[in-house]
Amino acid sequence: MRRQSRINLQGHARNLIAALALICLVGTQASADESVTVVSWGGSYAEACKKAVLDPFAEETGIEVRLESYNGGLAQIRAQVETGNVHWDVVDLEFADLARGCDEGLFELIDIDELPPAHDGTPARDDYFEGTFSECGGGGIFYSTVYAYNNESFAGQRPSTIEDFFDLEKFPGRRGMRRTAGATFQEFCVAQSPVGISPVGRIRGFGCYVVGGSVGIHGL
C-alpha cells in the first residue's frame, strides 16, 4: 500500500532528476540529523547531479545524502513496498514508470501546494512547466538521445541521421541501445521510412543492448 512506503518520486515528462525530488522532500520530511537515500542512473549523469545539487544541498542543510544506482523499472521499488522494507527515499525514473507506479499505489502522494517556493519566491505550482507535475511527482530534467559511432569502423560513407542508425543494409554491424522497449520503439518511429521492414525484424538484427549508466560510452 502507498502509505507503507516512504518512496517519494518526482517525475517529468520522460525522466526525473533525483536532486530536484530531494529538494521537495526536505520541505516536509527531512531534518538536520537525518539522511536520505537518492537513487539515480549511475555514471556521469548521477555524478553531475551529485556535484550540481546533492553535494551543495548536503552542505547547506547538514543532511547526509546517500546516492545509489539502479537500471530503472519498478521491480525493486515494488519489492520494497510489498515487503515493508523500504530504504529508498527519492528515485529518479522515467514517466511511464512514474505513471504505472502511481496507479499501483507504490509512491507517496505529493501536494504541489505544500512544496517550498523557489529561491526567488515563485510558488512551486508556477515553477514547473505545464504538464510536468502529477500527484506522484514533478518534472526535473529535459534530455536528448545522442547517437555516436566509432570513426575506425567506417572507411567510406558514415552514418549521419537516425535513419542510418536503423539501416542495417547500408551500415551493417552491431548497435548499442538501452534495454527498454519503449525507448527503442520511440526512436524507431522517428527514423521510420518506407523500406518495408518491420520494427521487430530490424531491432532483432542488432548485436547488443546497452544496460545503463556509462556503458554506451565504454562500448565506443
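None of the figures in this text is laboratory data; all of them are computed from the coordinates on show. The model shown is predicted, which means the values in this text are computed figures rather than measured ones. Cβ placement follows ideal geometry from the backbone for every residue including glycine, while neighbour counts extend to all protein chains displayed.
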(Q) Please report the projected area of the stretch 30-187's Cα convex hull averaged over all directions, in nm². (A) 12.7 nm²
Q) What is the packing order of peptides 90-102, 117-129, 48-60, taking the mean over residues of other C-beta atoms within 10 Å and listing the highest first? A) 90-102, 48-60, 117-129
Q: Amide H neighbours of Leu67 under 5 Å, at least 5 residues apart or on other chains, H built in the peptide plane: list them.
A: Val38
(Q) Let me spell out the model: positive unit charges on the Cβ of Lys and Arg, negative unit charges on the Cβ of Asp and Glu, origin at the Cα centre of the stretch 144-191. What dipole size does that give, in debye rounded to 20? (A) 220 debye
